[in-house]
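Notes for the one structure printed next.
Taken together, the values in this text are just the output of simple stated rules run on the coordinates, not laboratory data. Since the structure is predicted, the reported quantities are computational estimates derived from the model, not experimental observations. Heads up, the Cβs are rebuilt from the backbone with ideal geometry, glycines too, and the neighbour counts pull from every protein chain shown.
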Amino acid sequence: MHAKLSIKSLAFCFLAVGAVAISGVWFKPGVWYEVLNKPFWTPPNLVFPIAWSILYLMIAMAGAFVFAGSYRTLKQLWMLQLILNGLWSWLFFGQHFLLLGMLDIVLLLASIAWLVWLSFSRVRVAAWLLIPYLAWVGYASTLNMGLYILNQP
């Protein structure tokens, strides 16, 4: 099944994703992050804004396809993953809660995986748009866990 995009669903999803993307501006890594012991697989800082810019565009497009149809569960999951995404920045960078950040990112990863899984049978284009996001958050989860383990007192 293939939902048609509407201006309304596009505008809503781009605004919602934009609001969450701002959390990355409000809660920057800063000096606190710079002095943490990092896993050897941590990419250069420049990679993060580039990756997230691309992913946020894909998340918004996937959401627009989801919201163009009558897929209540998919809409709820899309909103849930977006809330968890924004919450992570606040927990991790804003509050410096590495363990709560880890809990949040695991829930985020699960919600994205569930959204991708259900989207394949209802809005396949949304599922394909979300797969890079799922992969990136899986990778980010390993970074979060590595940071937590390496920075225990």
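Tabulated results
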item	result
Sorted by Cβ neighbour density within 10 Å, fewest at the top, the residues 9, 70	70, 9
On Cα atoms only, tilt of 98-122 relative to the major axis of the chain in degrees	20
Using alpha-carbon coordinates, inclination of helix 7-26 to the longest axis of the chain, degrees	0
Most to least packed among 47-57, 110-120, 77-87 [average Cβ atoms within 10 Å]	77-87, 110-120, 47-57
Listed candidates [x] 2, 8, 13, 16, 13, 11, 7, 4, 4, 4, 4, 4, 3, 3, 2, 2, 1, 0, 0; [y] 2, 8, 16, 15, 13, 12, 12, 10, 8, 3, 1, 0; [z] 2, 10, 19, 23, 19, 12, 8, 5, 2, 1, 0 - label of the one calculated as P(r) over Cα pairs in 5 Å bins from 0, in percent	[z]
